[in-house]
């Protein structure tokens, strides 16, 4: 009889605990939309805000739905400078992703925005679109801890990969085809 009472108490306690537990609810439309928007594995990229040559803000949110390739470089980097002709060729191509070259003025030994513009205007790379990550506010958060670094972001805003070192246009384009 004691075992029966014990089992009954245990059963009632279990039912009480289960009854008080939160119930998984059906996802609402907004939650389903968010789940559908994530197309790639990984964490969302930091929501960056860079400045373009005219001082306008370029935000990751504004690029939603587009694959994004960011090439972090520096004016003082010899590897970066040797890769500039190839980067200019990439920017001149018709492509199904957005590409930007990003520098970090006033950080990591880089010139100020004005001094960088003066230096870059003497170079002959008319197709490269440069953005400024002033004081390197976002570069480390995107995995760009050295230059050159390539950062790949999916059309869903997921940070796919950050790769330090020089990579060819062919390597980059082949990799970009592997995600959405």
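Kirkwood Rh, segment 40-176, all Cα pairs: how many Å?
Working: mean 1/r = 0.0671 Å⁻¹.
Taking every pair of different Cα atoms in segment 40-176, averaging 1/r and inverting gives 14.9 Å.
Compute the separation of the alpha-carbon centres of segment 102-126 and segment 143-165 and state it in Å as a whole number.
Taking the Cα centre of each part, segment 102-126 and segment 143-165 sit 21 Å apart.
Quick one: 117, 71, fewest Cβ neighbours within 10 Å first, how do they rank?
117, 71
Could you grab the relative contact order for segment 62-158? Cα pairs under 8 Å, six or more apart, rounded to a whole percent. If you can, show how the numbers build up before the last one.
Working: 148 pairs, mean separation 43.6, N = 97.
Normalised by residue count, the contact order of segment 62-158 is 45 percent.
Relative to a virtual label point 7 Å from the Cα of residue 44 in the Cα→beta-carbon direction, which members of segment 122-158 show backbone nitrogen distances below 12 Å?
Within reach of a label on residue 44: 156-158.
If I stretch the segment between residue 106 and residue 170 completely, what's the gain in nm (0.36 nm per residue apart, minus their alpha carbon distance), one decimal?
Stretched out fully, the residue 106 to residue 170 stretch lengthens by 19.9 nm.
Bear in mind these aren't lab numbers, they're just calculated from the coordinates by the rules spelled out. Keep in mind that this is a model prediction, so the values were computed, not measured. When we count neighbours, we look across all protein chains shown, and the Cβ atoms used for this are built from the backbone with ideal geometry, even at glycine.
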